[in-house]
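**Q** I have a structure here, written as structure tokens, and I will follow up with some questions on it.
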Amino acid sequence: MKFECLCGNIIVDQTDYLPYKGYLISDQDLFDLMDSVDHAIEKSGPTSLDKEQAIMDIRNLETQLMKIVYQCTQCKRLYINDNHNKLNEFIPIRANNERSILASALGDKWKRPLIGDWNDSRSGELKGYIWCQDYKDRSDYSNFEDLEREYYKQLAFLTENNILRTAMLRYNDQIIHSWE
């Protein structure tokens, strides 16, 4: 999804872990969701297939119950998708320039993914990149050894500080390292 805020800023939703995107659930629906989680834990059945089906049921219910919310990074307006692909706009009483109200409640301690990717078939000098949201901006590389060294350096820092969700290093579409 991509749309223009009334202030002119473009809001883009084309990846995961966006600090200006969140989800909203009605108080009327919250207990249905909690009941489905309880059911999955207590009564889903003994097999791994039963557990997998219970998890999928929860995810389907979440999709039905939750509304997507976006916050403009410029003017701080909120846009709530009403599940009928209609955006409803809300203007804050006081716009401040602090971090998004939709960013993780854990602040800098939220667990983030680390991705390193190298591909010889990319055109130009830069063949690889490392991306880790809210830790370091995306860095591009023209040498795989430099990319690999920086990837493992970031991996060590993130694991030591317990702020890593997953990590993956690819070389020409082959995964050469992963961490979960």
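The values are calculated or read from the model by the stated rules, or taken from the named source; none is laboratory data. None of the values given here were measured: they were computed from a predicted structure. In this analysis, Cβ positions are derived from the backbone assuming ideal geometry, glycine residues included, and neighbour counts consider all displayed protein chains.
**Q** Given the structure, is LEU164 within 28 Å of ASP38 (Cα to Cα), at pLDDT below 90, surrounded by 11 or more Cβ atoms within 10 Å (Cβ to Cβ) and not assigned by TED's automatic domain parsing to the domain that holds LYS43? Spell out the reasoning first.
**A** Details: within 28 Å of ASP38 (Cα to Cα): yes; at pLDDT below 90: no; surrounded by 11 or more Cβ atoms within 10 Å (Cβ to Cβ): yes; not assigned by TED's automatic domain parsing to the domain that holds LYS43: yes.
The answer is no for LEU164.
**Q** Within the range 38-52, can you find the residues that are on the phi < 0 side of the Ramachandran plot and surrounded by fewer than 14 Cβ atoms within 10 Å (Cβ to Cβ)?
**A** Selection gives ASP38, HIS39, ILE41, GLU42, LYS43, PRO46, THR47, SER48, LEU49, ASP50, GLU52.
**Q** Could we say that GLU145 is modelled with pLDDT of 95 or more, more than 15 Å from TRP179 (Cβ to Cβ), more than 21 Å from the chain's Cα centre (by Cα) and exposed (fewer than 12 other Cβ atoms within 10 Å of the Cβ) here?
**A** Yes, satisfied.
**Q** May I ask you to say which residue of SER121, SER100 is under 30 Å from ASP29 (Cα atoms), hydroxyl-bearing (Ser, Thr, Tyr) and not assigned by TED's automatic domain parsing to the domain that holds THR63? Before you say what the answer is, go through the steps one by one.
**A** Numbers: SER121 fails: under 30 Å from ASP29 (Cα atoms).
After applying the criteria, what remains is SER100.
**Q** Every residue in the range 98-118 that is part of a loop (DSSP other than H, G, I, E, B) and touching a residue at least 12 places away in the same chain (Cβ under 8 Å), please.
**A** Hits for the range 98-118 are ARG99, SER100, ILE101, LEU102, ALA103, SER104, TRP110, LYS111.
**Q** Enumerate the pairs (first residue in the range 160-177 and touching a residue at least 24 places away in the same chain (Cβ under 8 Å); second residue anywhere and of a type in the set (Asp, Glu) and surrounded by fewer than 17 Cβ atoms within 10 Å (Cβ to Cβ)) with beta-carbon separation below 6 Å, excluding pairs fewer than 6 apart on the same chain, so at least 6 apart or on different chains.
**A** Between residues of the range 160-177 that are touching a residue at least 24 places away in the same chain (Cβ under 8 Å) and residues that are of a type in the set (Asp, Glu) and surrounded by fewer than 17 Cβ atoms within 10 Å (Cβ to Cβ), the close pairs are THR166/GLU180; ASN172/ASP120.
**Q** One residue is enough: does the range 107-126 have a residue meeting the conditions out of contact with any His (no Cβ under 7 Å at 6 or more places or on another chain), within 21 Å of CYS72 (Cα to Cα), crowded, with 16+ Cβ neighbours inside 10 Å and not hydroxyl-bearing (Ser, Thr, Tyr)?
**A** Checked the range 107-126: no residue is out of contact with any His (no Cβ under 7 Å at 6 or more places or on another chain), within 21 Å of CYS72 (Cα to Cα), crowded, with 16+ Cβ neighbours inside 10 Å and not hydroxyl-bearing (Ser, Thr, Tyr).
**Q** Also, quick follow-up: Hey, any hits in the range 119-142 for a residue that's part of a strand (DSSP E or B), out of contact with any Phe, Trp or Tyr (no Cβ under 9 Å at 6 or more places or on another chain) and under 21 Å from ILE11 (Cβ atoms)?
**A** Taking every residue of the range 119-142 in turn, at least one turns out to be part of a strand (DSSP E or B), out of contact with any Phe, Trp or Tyr (no Cβ under 9 Å at 6 or more places or on another chain) and under 21 Å from ILE11 (Cβ atoms).
**Q** Also: Can you tell me how many residues within the range 16-48 are farther than 23 Å from ARG165 by Cα and in a loop (DSSP other than H, G, I, E, B)?
**A** Qualifying residue count, the range 16-48: 6.
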